[in-house]
Amino acid sequence: MIKLMFVSYRKEGITHEECVKEGSSELHVSTVSKVPGLIKWQENFAHQLPHENVASVLAEMWFESAESMQAAMETPEWAAAVEDAKRFLDMEKTYAMTVDEKVFID
């Protein structure tokens, strides 16, 4: 299993609340849900922003393997999800990384 995390910044001119609303909208959820090979997806929305330059959303996506993740990123469904995210996210600031998850208390 591989986990891809996005550190997502809202687009200029959009409030944090608007970003959260769009990120959890039926349009965005239904678009991302179509990405092939996506096993689990969750979004973590900041309660309050300590300052204006902090990320609004931390997204987590799980795939079976690095190969299945890479294959998913080459699909029209992935491209559609990215295109939809451009409505409310600053794609120049937003970045992704794969991570190893270690649970210390469960």
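The values are calculated or read from the model by the stated rules, or taken from the named source; none is laboratory data. Quick caveat, the model's predicted, so the values are computed rather than measured. All Cβ positions, glycine included, derive from the backbone under ideal geometry; neighbour counts span all protein chains shown.
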Point to revise | Subset of the stretch 58-85 that is touching a residue at least 12 places away in the same chain (Cβ under 8 Å) and in a loop (DSSP other than H, G, I, E, B) - its residue that is farthest from residue 28 (Cα to Cα) | key: 65
Check your understanding: When both residues are 6+ apart or on different chains and their Cβ atoms are under 7 Å apart, which pairs have a first residue that lies in the stretch 10-39 and is over 19 Å from residue 91 (Cβ atoms), and a second that is among the acidic types (Asp, Glu) and in a helix (DSSP H, G or I)?
Key -> 34/77; 36/77
Practice item. Identify the residue in the stretch 69-92 that is in contact with a helix residue (DSSP H, G or I) (Cβ under 8 Å, 6 or more places away or on another chain) and of a type in the set (Gly, Ala, Ser) and, among all such residues, is farthest from residue 12 (Cα to Cα). Key: 72
Point to revise | Residues satisfying the stated conditions in the stretch 79-106, i.e. crowded, with 16+ Cβ neighbours inside 10 Å, among the acidic types (Asp, Glu) and closer than 18 Å to residue 42 by Cα | key: 84
Point to revise | Unmet criterion (only one of (1) modelled with pLDDT under 95; (2) exposed (fewer than 14 other Cβ atoms within 10 Å of the Cβ)) for residue 76 | key: (1)
Exercise for review: Those residues that are surrounded by 18 or more Cβ atoms within 10 Å (Cβ to Cβ) and farther than 27 Å from residue 71 by Cα, I need them from the stretch 21-44; list them, please.
Suggested key: none
